[in-house]
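Visitor: The structure's right below; bear with me while I get my questions together.
The values are calculated or read from the model by the stated rules, or taken from the named source; none is laboratory data. Note that the structure is predicted; figures quoted are calculated from it, not measured. All Cβ positions, even for glycine, are placed from backbone atoms using ideal geometry, and neighbour counts span all protein chains on display. Just so you know, the surface numbers come from the protein's heavy atoms only, side chains and all, with ligands and any DNA or RNA stripped out. Shrake-Rupley method; radii C 1.70, N 1.55, O 1.52, S 1.80 Å.
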Amino acid sequence: MFKIGARSIKQKLTWMNMLVSSCALIVASAAFATYELTTFQQTMSRNLSIQAQIVGSNCASALLFGDPNAAQRTLSALQAAPHILSAAIYTPAGALFAVYWRDRAGEALPLPPIPAGQKEMYWRTDREMALVRSIEFQDKLIGTVYIRSDMHELNYRLTRYAGAVTAVLLLSLLVAFVFSSVIQRTTVRPIVALAETARIVTREKKYSIRAPVTAGRDEIAVLIEAFNEMLSQIQERDTALQQAHERLNLALKSSGVGTWSWDIDAGALTWDDYMAPLFGLEPGAFSGKYEDFRKLLQPADRDCLGRAVADADTVSGSYNTEFRIKHKDDSLHVISARGKVHRDESGRPVRMTGVCWDITERQRAEEQIRELNQTLERRVADRTSELEAANKELEAFTYSVAHDLRAPLRHIQGFSAALTEDFGPRLEPGAIEHLTRIVESTRHMGCLIDDLLSLAHVGRQELRLQATGLNSIVKEVLRDVANETQGRNIEWRIADLPFVDCDPGLVKQVFYNLFANAAKYTRPRNPAIIEAAHTSLNGQSVIFVKDNGVGFNMKYASKLFGVFQRMHRREDFEGTGVGLATAQRIVHKHGGRIWAEAELDKGATFFFSLAPPEAAVEEKQ
Amino acid sequence: MTDDAIEILLVEDDPQDVQLTLRALQGENLGNRIEIARDGEEALDFLFRRGPHANRSNGNHVKLVLLDLKLPKVDGLQVLREIKSSPECRSIPVVVLTSSGEQRDIVESYKLGVNSYIQKPVDIAQFRQTIKSLGLYWMVVNRQPC
């Protein structure tokens, strides 16, 4: 069945063009034909009337004289007019007077009456046209002529006309067809191409193709441009969507997270591909019914989703729940579910969406971590108490060193002295000398014990920082050192020293040790020069104590601050080798550092700082 | 020698130290009226007339207690605490005479009300000098209630 809607726009346009042209042509042709026919008919009737007049005139005398032969002859002249079918002359009484037949096979025709007052009357049928006319002579009716003509001429003309119209119609249709083809090229083709593009996009979901662009700026061009723009946007979104989808899939796949939604009213659950493995099921094995889902859960957890709906945040709808399931192999798994409850306008929950993942391993790991932590804490506590015990033992040890080691020394000294006093006169000089060496050794050991105790003491002691003017400390130390160096020529050069945050008691010990060292190793000098000042090194305040003493070889500088490390022989310079170690420990406790520069026989300089370098302090802050 | 004549109580467990201390005190003629306690318990028994000293006659003439800190049974700080918390004995001057120079011992002793704290010098000459000075000071210079 012919349906306009099913036709292509190309066909429609062609049809339209052709229909319009044919309509116009047909209407015009019909008008022409009607006009032509009417005119022709009038002409025909006028010609017939003229012929009737001529025949009537020529036959008048014959009628007057009653000579039918003459009339017959006159009528015969009508042979020259082939379209005349017949002609007849009647007497006024209505009798046939003379007759002419074109085909000589006629019979007498009854004379149709002429209405009164008229000279002439004509009529026509399908096949012929007839005319009756009165013949008068001197205003007196002398007869009537009756003439008939066929319509061949008219029909011939009509046929020719119809042929011409048909030819013109066909020609114009052809022209219309050609024109529409040409128009199609500029107008329809882009639309067709657009339609084809749209079809491919719809069918193949291929958003990368574009409709061909036309040169013009008409509505179609705008349409194509808009369509292409729309395609670009769709392509962009499609790409973004696909990438997001891929990422999501990758994330879901690699993390073992499944997504689902629950239509609460319908009781239907929709699972993605990752859900079934979480429940230990084959893909597609789950019916999608909420009731079946509940049966997968451990009895105690079966209402967890219902509870989650009830407990979900009323504003955001988010919820968080856990449930346990048993796989076919009887292993128990803990599943965590998180997501959102969707509500309708009245606030009634209608749908839940969410994600699920297996947290069995995580819980196990957490449990392990908890246990490990507990073990660790226990161990730390054990170690701490062990350490505390060790510290206590150490303290007890140093205490007994302080108390018990000193006593025997005192006894040795005491009784050596008693021996000298009580039995001196009876002892030989050699024996006295031995006793002197014993006393000297015990004295040295007493110093060692005191220094070691002092070192241990520094290690144990907490720093008590306070802003301290170093000059006041130096002044106190100088008093002690001066006592011990009475009789020597020492020039003390003490510069203005800064105020620093430090533990004054400990820093005093540092100065004491450095000054005592300087005094000791300048013993061969006269005068001895000992200098204390401060300088700035890389932006840091550094204090130094410089002497012009015997110095030391820098080769051994690394040993300088070690316990019991000595640079000189005991016979030359007494000492325990603990003083600088103690000084270093105090400086380190303040976050500073201590070092020395010296040259053998040209003096030594000891530098120390009482705070960490600036940069380190800033980092800490 | 009667109990009443005792003027100095030397609490010292180390016999060597006892010897050296006595020697130093005798050098100053202070060695005759000395009682020696070898541990804290003995010292307290003597001062508070308990145990073997329960029958000591009334009247307390002890003018000085020389107290070591590291003692068997009851340690020196405990002895000091009991002396200084007893109304009867708290006025007796107590001088701690010990090898320890530990701060916590010094601090604790003064907290308990020690009258003087002396670290025994290793050097015998210094030791003698110290004993001599403190004997003279507490026994001769210092005045105390009778």
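Visitor: Can you name every residue in the stretch A:431-449 that is within 13 Å of chain B (Cβ to nearest Cβ) and open to solvent by 70 Å² or more (accessible area, probe 1.4 Å)?
Guide: Of the stretch A:431-449, the ones within 13 Å of chain B (Cβ to nearest Cβ) are A:435-436, A:438-449.
Hits for the stretch A:431-449 are A:Thr436, A:Ile438, A:Glu440, A:Ser441, A:Arg443, A:Met445.
Visitor: Out of all the residues in the stretch B:114-145, which are within 14 Å of chain A (Cβ to nearest Cβ), assigned to a helix (DSSP H, G or I) and open to solvent by less than 30 Å² (accessible area, probe 1.4 Å)?
Guide: Correct list: B:Ile124, B:Phe127, B:Ile131.
Visitor: Quickly run through the stretch B:75-85 and pick out the residues that are farther than 19 Å from B:Glu102 by Cβ and hydrophobic (A, V, I, L, M, F, W, C). Show your work before the answer.
Guide: Initially, the stretch B:75-85 is screened for residues farther than 19 Å from B:Glu102 by Cβ, giving B:82-85.
B:Ile83 - this is the single residue of the stretch B:75-85 that is farther than 19 Å from B:Glu102 by Cβ and hydrophobic (A, V, I, L, M, F, W, C).
Visitor: Let me ask you something else. Inspect the stretch A:569-587 for any residue being without any contact (Cβ under 8 Å) to a residue 40 or more places away in the chain, outside any strand (DSSP E or B), touching a helix residue (DSSP H, G or I) at 6+ places or on another chain (Cβ under 7 Å) and farther than 19 Å from A:Val481 by Cβ and give the result as yes or no.
Guide: no
Visitor: Additional query: Checking A:Ala533 against (1) at pLDDT 85 or above; (2) open to solvent by less than 20 Å² (accessible area, probe 1.4 Å); (3) touching a helix residue (DSSP H, G or I) at 6+ places or on another chain (Cβ under 9 Å); (4) not β-branched (Val, Ile, Thr), only one condition comes out false. Which one?
Guide: (3)
Visitor: Take the residues of the stretch A:45-83 that are over 20 Å from A:Ile135 (Cα atoms) and touching a residue at least 12 places away in the same chain (Cβ under 8 Å): which is least open to solvent (accessible area, probe 1.4 Å)?
Guide: We begin by selecting, within the stretch A:45-83, every residue over 20 Å from A:Ile135 (Cα atoms); these are A:79-83.
Right, trim to touching a residue at least 12 places away in the same chain (Cβ under 8 Å) and you get A:79, A:81-83.
Working: A:Gln79: 104, A:Ala81: 13, A:Pro82: 90, A:His83: 61 Å².
This residue is A:Ala81.
Visitor: Yes or no: the stretch B:80-98 includes at least one residue that is away from every other protein chain (no Cβ under 14 Å), touching a Ser or Thr at 6+ places or on another chain (Cβ under 7 Å) and touching a residue at least 40 places away in the same chain (Cβ under 8 Å). Give the derivation first.
Guide: We begin by selecting, within the stretch B:80-98, every residue away from every other protein chain (no Cβ under 14 Å); these are B:80-95.
Imposing the further condition that a residue be touching a Ser or Thr at 6+ places or on another chain (Cβ under 7 Å) reduces the set to B:80, B:95.
Applying the additional criterion that residues be touching a residue at least 40 places away in the same chain (Cβ under 8 Å) yields B:95.
Yes, the stretch B:80-98 contains a residue that is away from every other protein chain (no Cβ under 14 Å), touching a Ser or Thr at 6+ places or on another chain (Cβ under 7 Å) and touching a residue at least 40 places away in the same chain (Cβ under 8 Å).
Visitor: What about A:Val132, is it within 22 Å of A:Leu63 (Cα to Cα) and not hydroxyl-bearing (Ser, Thr, Tyr)?
Guide: Working: within 22 Å of A:Leu63 (Cα to Cα): yes; not hydroxyl-bearing (Ser, Thr, Tyr): yes.
So A:Val132 fits the description; yes.
Visitor: Assuming A:Arg307 fulfils every condition listed in (1) surrounded by 11 or more Cβ atoms within 10 Å (Cβ to Cβ); (2) assigned to a helix (DSSP H, G or I); (3) at pLDDT 85 or above apart from one, which condition is it?
Guide: Among (1) surrounded by 11 or more Cβ atoms within 10 Å (Cβ to Cβ); (2) assigned to a helix (DSSP H, G or I); (3) at pLDDT 85 or above, the lone unmet condition for A:Arg307 is (3).
Visitor: Do we find that A:Gly505 is within 14 Å of chain B (Cβ to nearest Cβ), open to solvent by less than 60 Å² (accessible area, probe 1.4 Å) and at pLDDT 85 or above in this structure? Walk me through how you get there before you give the answer.
Guide: Working: within 14 Å of chain B (Cβ to nearest Cβ): yes; open to solvent by less than 60 Å² (accessible area, probe 1.4 Å): yes; at pLDDT 85 or above: yes.
Taking the combined requirement at face value, the residue satisfies it.
Visitor: Go over the candidates A:Thr468, A:Thr375 one by one and state the one that is outside any helix (DSSP H, G or I), open to solvent by less than 60 Å² (accessible area, probe 1.4 Å) and more than 21 Å from B:Ile118 (Cα to Cα).
Guide: Result of the check over A:Thr468, A:Thr375: A:Thr468.
Visitor: State all residues of the stretch A:405-417 that are more than 7 Å from chain B (Cβ to nearest Cβ) and open to solvent by less than 70 Å² (accessible area, probe 1.4 Å); if no residue qualifies, say none.
Guide: Of everything in the stretch A:405-417, those that are more than 7 Å from chain B (Cβ to nearest Cβ) and open to solvent by less than 70 Å² (accessible area, probe 1.4 Å) turn out to be A:Pro408, A:Ser416.
Visitor: Among the residues of the stretch A:312-334, count how many are closer than 14 Å to A:Trp357 by Cα and among the polar types (S, T, N, Q).
Guide: The number of residues fulfilling the criteria is 2.
Visitor: For residues that are surrounded by fewer than 14 Cβ atoms within 10 Å (Cβ to Cβ) and either in the same structural domain as A:Ala28 (by TED's automatic domain parsing) or among the polar types (S, T, N, Q) (or both), tally how many sit in the stretch A:172-204.
Guide: Residues meeting the conditions: 2.
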